[in-house]
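Just below is one structure, and these are the notes that go with it.
The values are calculated or read from the model by the stated rules, or taken from the named source; none is laboratory data. Being a predicted model, the structure only gives us computed values, none of them experimental. No Cβ is skipped: glycine too gets one built from the backbone with ideal geometry, and neighbour counts run over all protein chains shown. Remember, those area values only see protein heavy atoms, side chains included, never the ligands or the DNA or RNA. Shrake-Rupley method; radii C 1.70, N 1.55, O 1.52, S 1.80 Å.
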Amino acid sequence: MCRSRAPRGLASFEGTIVFVGADAALNGAVTPTCGATVIDAAGHSVVPGFVDAHTHAMFAGDRRAELRRRLAGATYAEIAEAGGGIVSTVQATRAASEDELVEQTRGRLDEMLSCGTTTCEVKSGYGLDVDSELRMLRAIARLQREHAIGIISTFMGAHEIPKEYRGRRDAYVDLVVREMIPAVGSEKLALWCDVFCETGVFTPEESVNILEAGMRHGLAPRIHADELGPSGGSLAAAQVRARSADHLIFVPPEGIDAMARAGVAATLLPIAAFYLKLGRFAPARALIDAGVPVALATDVNPGGGFSPSVPFAIALACFGMHMTFEEALIAATINGAWSLDVSASVGSLERDKLSDFVVVRGDAINLIRVGASSIAAVLKRGRIVHGQETLTS
C-alpha cells in the first residue's frame, strides 16, 4: 500500500514484477512490449494479492442446515454429537467422485478470487480413509493446474476420528502414520501435514506423533491449536517447530511464549470464531506483543467458514482483535505467505515476485467496508482475473 503523494508505478513481464517505484521513473526503466496491458489506477490503491493461509475449501455436501441449529442455540459439540459436523461432510465427500470434488471446489475458489485472494492453502481431511484422502489431494492437484489462484496443498487425515474407528483411536492414528502419510509422500501430493489438536479429537502427544511422521515423509508441520479450549496445541506446535499454529482462540500465555521462542507463526481465523458463535476471538495483541508473526485467513469450510472474503477477516481483525488496519493487511499478505513458506514469490509488491495484486477503489482502508464493492480488479501474474476491464488501455 502506498501512502506517498507522488504517483507510483508498477510493471511486470511474463507475470513477474520488474519495476516498482515512482511513476516518473517508470518510462525510463521499462519499455512496454507490443500489446502490453496498461492499467490506469488513478484514484485507486494497489495492495498485494491476499494469501489465504488456511482453508478447507475441498469438500462435498452442504451443512448450512447446521447454521440454523447454531442460530437457535445449539453448540458445535451438540451438533457433532447428533451426527453433524465433520463426520457429516466426510460421508458426502467419500461418496463424491474426483470430478465432482473438483467442480464443487472450483466454485469456492472463484468466490475467493473475486474477494482478492490470489494464493491460498487447501486441506484434505474430509475423507478420513486412504482412498478418499488421496482422491481429495488429487483433486486439489488438478485445481493447482487449472485455476487462476495459486494453491498450496495440505494433508489433514488427522482432522477427526472417523465413526468406524470410534473406540479404536490408536488404530486410526496408526492408519494415518503408517499408510496415509507414506502414500501422500510417495505421490508428492502435499507440502504440509496438519492435525486438529483438540480435546476429544487428537491429543498433543498424538499430534506430535503424526506431525513427526509427516516430516519423515517430506511434509512440513502445521497444526490446529487451542480453538475450543486450551488443548496443548500451541505447545505441540512449538515442540515440532511447526511453521504455523492456527485458530488459537484459547491459547494460554505459556503457549504464546513457547511459540515465540520456537518461531511459530499464528494464523488467526476470526471468521470461524464469528460463525461458530464462540463469543471471543484469538488474542492477536498478546501474540503480536510477544513477537509471534500473525497471519489472517478465512477458514473456508462447510461448517463454520461461510465467507470466502479475506477483507471480512481483515475487518473482524481490526474491530474484534484490536489490530490496526496496517497490521491486518500485513497479516493477510506477506505474513500469510511466510506461514506457507512462499514469501519469496508472493505476499508483497517487490521486484522479482509474482505480479499478484488487488486494485482498491479509493483508499485501501475501504477494504473493511463489508458488502461494498471496494475491489475494482484482481490480477494474478499480471493478468486481470476478476474485475473491471475498463481500467485497462
Among the helices (runs of 4 or more DSSP H) confined wholly to segment 209-286, which include 2 or more residues that are within 20 Å of the chain's Cα centre (by Cα) and either more than 23 Å from Val51 (Cβ to Cβ) or not charged (D, E, K, R) (or both)?
233-240, 270-275
For segment 185-200, indicate whether the set of residues that are crowded, with 24+ Cβ neighbours inside 10 Å, of a type in the set (Val, Ile, Thr) and within 21 Å of Thr55 (Cα to Cα) is non-empty.
yes
Can you run down the residue pairs with Cβ atoms below 6 Å, 6 or more apart or on separate chains, where the first is in segment 70-84 and over 14 Å from Ala273 (Cα atoms) and the partner is open to solvent by less than 70 Å² (accessible area, probe 1.4 Å)?
Ile79/Glu66; Ile79/Gly85; Gly84/Glu66
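Pick out, from segment 291-366, the helices (runs of 4 or more DSSP H) lying fully within it that include 2 or more residues that are charged (D, E, K, R) and open to solvent by 20 Å² or more (accessible area, probe 1.4 Å).
Working: elements: 310-320, 325-331, 334-339.
Result: 325-331.
Among the residues of segment 116-124, is there at least one that is open to solvent by 10 Å² or more (accessible area, probe 1.4 Å) and either in contact (Cβ under 8 Å) with a residue 24 or more places away in the chain or within 19 Å of the chain's Cα centre (by Cα) (or both)?
Residues of segment 116-124 that are open to solvent by 10 Å² or more (accessible area, probe 1.4 Å), as a first pass: none.
Scanning segment 116-124, I find no residue that is open to solvent by 10 Å² or more (accessible area, probe 1.4 Å) and either in contact (Cβ under 8 Å) with a residue 24 or more places away in the chain or within 19 Å of the chain's Cα centre (by Cα) (or both), so the answer is no.
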When you look at Val264, is it open to solvent by 10 Å² or more (accessible area, probe 1.4 Å) and in contact with a Pro (Cβ under 9 Å, 6 or more places away or on another chain), yes or no?
no
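Taking segment 39-73 as the search range and keeping residues that are in contact with a helix residue (DSSP H, G or I) (Cβ under 9 Å, 6 or more places away or on another chain) and open to solvent by 70 Å² or more (accessible area, probe 1.4 Å), which one is modelled with the lowest pLDDT?
Applying the first criterion (in contact with a helix residue (DSSP H, G or I) (Cβ under 9 Å, 6 or more places away or on another chain)) to segment 39-73 yields 39-41, 44-48, 50-63, 66-67, 69-70.
Now drop any that are not open to solvent by 70 Å² or more (accessible area, probe 1.4 Å), which leaves 40, 62, 69.
Numbers: Asp40: 90, Asp62: 89, Arg69: 86.
Restricting to residues being in contact with a helix residue (DSSP H, G or I) (Cβ under 9 Å, 6 or more places away or on another chain) and open to solvent by 70 Å² or more (accessible area, probe 1.4 Å), the top hit is Arg69.
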Examine segment 313-320 for a residue that is within 14 Å of the chain's Cα centre (by Cα) and in contact (Cβ under 8 Å) with a residue 24 or more places away in the chain, and state whether such a residue exists.
yes
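Name the residues in segment 55-90 that are touching a Leu at 6+ places or on another chain (Cβ under 7 Å) and outside any loop (DSSP other than H, G, I, E, B), would you?
Our first condition is that a residue be touching a Leu at 6+ places or on another chain (Cβ under 7 Å); within segment 55-90, this holds for 57-58, 60, 76, 90.
Listed by number, the residues that qualify are Tyr76, Val90.
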